[in-house]
Amino acid sequence: MKKIWWAQIKAVIRLEMKKTFFAKRGLWIYVLAAMPVMLFVAYAIVSSHQQSRSANIARQGERQLSYQDLRAVHSGMTTEEVIAALGKPSASFDWSENRPSPTKPGVILNVLHEDYHYSDGQNDLFVGIADGKVENIHIRHANNLGQDSIMFAGVFQFFFLRLGIFFGCLGIFMNLFRGEILDRSLHFYFLAPVRREVVMAGKFLAGLLATCTIFVTSEILQTVAFLWHFPAGARDVYLYHNHGLEHAAIYLGVTVLACVGYGAFFLVAGMMFKNPILPAAAILIWEGINPFLPAVLRHFSVIYYLKSLCPVDIPSPPGTSPIFALLVSNADPVAPPIAIVGVLVVALIALYVSSLQVRRLEINYTAE
Amino acid sequence: MNDRIIFEDVSKFYGEILGVNRVNLSIPPGITSLVGPNGSGKTTLMNLMTGLVRPTRGRIQVLDYSIDDPENLFKIVGYSTQFDSFPKGLTGFQFVYSYLRLGGRDSQSAEQLAWRAIERVNLVDAAKRNVAGYSKGMRQRIRLAQALSHEPKVLVLDEPLNGLDPLARSEMIALFRSTAAQGCYVIISSHILHEVDVISDQVILLSNGYVVAEGKIQNVRSEIQEHPTQILIRCHQPRELAAKMLEYPHTIEVSIHKDERGLLLKTRDADRFYLAMNEIALSGIDIESVAPADDDVLSVYEYLIGSEEVVR
């Protein structure tokens, strides 16, 4: 690459950065990026609150309980048996109910209900007692990093990747050319002694810098919020012995690749279409129906490669319809190196089309 | 080595709408004015010349460069457009400076050139202010500074005097003249005829997308054979002179000036008229001056097009 081209690309990036980062019309992109962070922060706050409550319940109990002790309670036990096994509950609640007698028609019985709350410090046992006998039991398990990492993967794949980054890239990359055509200021670039492909490359890199900064920051904050409420020991085990750190790095890599792939798509769409809704809908549908496409067509999709790179598989819950299961699972994953090259090739094809398009682009604002 | 701006059978259609049609031009150095009413194709011609729009048919070459090669074309071309919008958030200085940086210049040289251009358009005091707060005239001048900043050989200016006060106008006209005097090509568009009449070396008259005449104003005028030439003669014996002139078959009409110290004559053959004038001068009628009365752009334009849209 000529030295002057790089200098020109840097000049384009300098001009674009302010617009992409501080545009009022791009504020919603920050909201989009912040949403999963807020979700994990809220989850962490609720979890921390629950943990401290469980610890309190355990501390205030008559005796130190284990998980096995909690599991020992079963339906039909009497109140005395429960207290004998677990001690007096530190938190209880009682109330009464008028209920028709099952044996004597027309007779109303006053039934006394008692709810006992036990905890081993992490897991909670809720025992519902009616008329002196255990009627229902519910165990709320402590947050588990393994389980939560699946939830994290779900949020990443189904919200962050398919909606957050997708629409964020739409907002930033489609505006690189379309926004300036609407503002009637694109001619500024086209009147300079610079190849139009260089302008395009500069704008693409500016968009990439903006989206990567926004979404990589969001991804880092999500990871921090996700791990924050776990005990330090559990965090260390997850990060250093259960591939947690590796997964976090992969998520960041996938985020960058998603910005590259969708960015390239929306760059060309911004040059070809006046209305962003049409290409956005078309690409969203194309990405959405990817699992149902023939194998050859499946390769011309960003999500196909990104799904293959995601480190945690999301299991389909039992009873899931086959169509939904197909959406969730990745039936035909490709090897990570192929997936990375695949995204880059798809992006390069889109950028090549963009370069052809930018050469043909005319300044005719009145037609917009 | 080509030293002209060449249009070869160039047409531009915006869908069904005609921009310009079958334009053939060869523009030499100096100040060339594109004149025509709104919608006549002036801006289209300028946008074609600078590659902002592509011809539907035909070929355009600016000196040695194709319009498909902006990287080299804009090293020699500066274009001040009519588009009154700027990249957001830039000051006047940043606007010119960024343009130069886009061209690949280093920071120091871009800064020097930007200030020089801003000085040339007398906008130094406002250079650090945001362009969004500029008046129309200031925006016009900063666009001009941008077009001039890299010292181009070809300067294309779309309605460059719009929005300028009389003082700024005369400054800008002086600037165009000095630029043209250095051997540059200054292409100016205007629908205000008297504006370009005094500064143009040649004119290109446009109407409804067609070039209806081109060349030096006087030459264009003489090409309009079917339209009589009007000549104003100042003398002390206008009636005698009128009687003598009417003896010549090429004289169509003579009217005595209201101050009785001259006459306005219409002839269908200017060359024969001047020969006749020599004979009459020898016959003893004292003639003070003889001057064409209709070789300004306005007259030519009216003869050619009969347009009433032209702003006088």
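Take the conditions (1) over 30 Å from B:SER98 (Cα atoms); (2) among the hydrophobic types (A, V, I, L, M, F, W, C); (3) touching a Gly at 6+ places or on another chain (Cβ under 9 Å); (4) surrounded by 16 or more Cβ atoms within 10 Å (Cβ to Cβ); B:ILE217 misses just one of them, which is (3). One residue alone among B:ARG116, B:ARG129, B:ARG105 is surrounded by 21 or more Cβ atoms within 10 Å (Cβ to Cβ) and either polar (S, T, N, Q) or out of contact with any Asp or Glu (no Cβ under 7 Å at 6 or more places or on another chain) (or both), and that residue is B:ARG105.
Cβ-Cβ distances below 7 Å connect the following pairs, each with a first residue in the stretch A:249-274 that is touching a residue at least 24 places away in the same chain (Cβ under 8 Å), a second residue that is acidic (Asp, Glu), and a separation of six or more residues or different chains: A:TYR251/A:GLU219; A:LEU252/A:GLU219; A:THR255/A:GLU219; A:LYS274/A:GLU368. Entry remark, the stretch A:289-302: residues being surrounded by fewer than 24 Cβ atoms within 10 Å (Cβ to Cβ), part of a helix (DSSP H, G or I) and in contact (Cβ under 8 Å) with a residue 24 or more places away in the chain number 4 in total. The residue of the stretch B:124-144 that is farthest from B:VAL186 (Cα to Cα), among those that are within 12 Å of chain A (Cβ to nearest Cβ) and over 25 Å from the mean Cα position of the chain (by Cα), is B:ALA132.
Within the stretch A:36-55, the residues that satisfy the criterion of being surrounded by 13 or more Cβ atoms within 10 Å (Cβ to Cβ) and of a type in the set (A, V, I, L, M, F, W, C) are A:VAL37, A:MET38, A:LEU39, A:PHE40, A:VAL41, A:ALA44, A:ILE45, A:ALA55.
Filter the stretch B:233-269 for residues that are under 18 Å from B:PRO292 (Cβ atoms) and in contact with a Pro (Cβ under 8 Å, 6 or more places away or on another chain) and give the result. Correct list: B:ILE252, B:GLU253, B:HIS257, B:GLY262, B:LEU263, B:LYS266, B:THR267, B:ARG268. Scan the stretch A:28-41 and give yes if some residue there is within 23 Å of the chain's Cα centre (by Cα), free of Cβ contacts under 8 Å to residues at least 40 places away in the same chain and more than 15 Å from A:GLY168 (Cα to Cα), otherwise no. So far as the stretch A:28-41 goes, yes, one or more of its residues are within 23 Å of the chain's Cα centre (by Cα), free of Cβ contacts under 8 Å to residues at least 40 places away in the same chain and more than 15 Å from A:GLY168 (Cα to Cα). In this entry, B:VAL121 is excluded by the filter for residues that are within 12 Å of chain A (Cβ to nearest Cβ), under 22 Å from B:TYR185 (Cα atoms) and either among the hydrophobic types (A, V, I, L, M, F, W, C) or surrounded by fewer than 22 Cβ atoms within 10 Å (Cβ to Cβ) (or both). Specify the residue that is farthest from the other protein chains (Cβ to nearest Cβ); the eligible residues are those in the stretch A:124-182 that are part of a strand (DSSP E or B) and among the small types (Gly, Ala, Ser). If we take residues in the stretch A:124-182 being part of a strand (DSSP E or B) and among the small types (Gly, Ala, Ser), then A:ALA130 is farthest from the other protein chains (Cβ to nearest Cβ). Taking the stretch B:240-287 as the range and being over 17 Å from B:PRO228 (Cα atoms), acidic (Asp, Glu) and surrounded by 12 or more Cβ atoms within 10 Å (Cβ to Cβ) as the test, only B:GLU240 passes.
Here B:GLY104 meets each of (1) of a type outside the set (S, T, N, Q); (2) without any contact (Cβ under 8 Å) to a residue 40 or more places away in the chain; (3) touching a Gly at 6+ places or on another chain (Cβ under 7 Å) with one exception, condition (3). For the stretch A:81-107, the tally of residues that are over 19 Å from A:GLN60 (Cα atoms), loosely packed, with under 15 Cβ neighbours inside 10 Å and at pLDDT 85 or above stands at 3. Of the strands (runs of 3 or more DSSP E) entirely within the stretch B:1-97, those holding at least 1 residues that are free of Cβ contacts under 8 Å to residues at least 24 places away in the same chain and within 13 Å of chain A (Cβ to nearest Cβ) occupy B:5-14, B:17-27.
From the list A:PHE177, A:PHE226, which residue is in contact with a Lys or Arg (Cβ under 9 Å, 6 or more places away or on another chain), in contact (Cβ under 8 Å) with a residue 40 or more places away in the chain and either of a type outside the set (Asp, Glu) or within 30 Å of A:GLN51 (Cα to Cα) (or both)? None of the other options fit; the residue is A:PHE177.
For the stretch A:186-241, residues that are closer than 30 Å to A:PHE22 by Cα, among the basic types (Lys, Arg) and either in a loop (DSSP other than H, G, I, E, B) or away from chain B (no Cβ under 14 Å) (or both) total 1.
Evaluating B:LEU144 against the criteria (1) closer than 23 Å to B:ILE76 by Cα; (2) in contact (Cβ under 8 Å) with a residue 12 or more places away in the chain; (3) surrounded by fewer than 18 Cβ atoms within 10 Å (Cβ to Cβ) leaves one unmet condition, (3). Test A:ALA347 against the criterion of being modelled with pLDDT of 90 or more and either in contact with a Leu (Cβ under 7 Å, 6 or more places away or on another chain) or away from every other protein chain (no Cβ under 14 Å) (or both), and give yes or no. Yes. When B:ALA110 is tested against (1) aliphatic (A, V, I, L, M); (2) more than 30 Å from B:ASP64 (Cα to Cα); (3) within 12 Å of another protein chain (Cβ to nearest Cβ), just one condition goes unmet, and that condition is (2). Only one entry of A:ALA58, A:ALA33 meets the criterion of being crowded, with 17+ Cβ neighbours inside 10 Å and over 30 Å from A:SER119 (Cα atoms), and that entry is A:ALA33.
Checking each residue in the stretch A:350-368 for being polar (S, T, N, Q) and at pLDDT below 90 picks out A:ASN364, A:THR366. When the criteria are applied in full, B:ILE60 meets the requirement of being under 20 Å from A:GLU362 (Cβ atoms) and either within 20 Å of the chain's Cα centre (by Cα) or of a type in the set (A, V, I, L, M) (or both).
The values are calculated or read from the model by the stated rules, or taken from the named source; none is laboratory data. Note that the structure is predicted; figures quoted are calculated from it, not measured. Please note: Cβ atoms are built from the backbone with ideal geometry, for glycine as well, and neighbour counts cover all protein chains shown.
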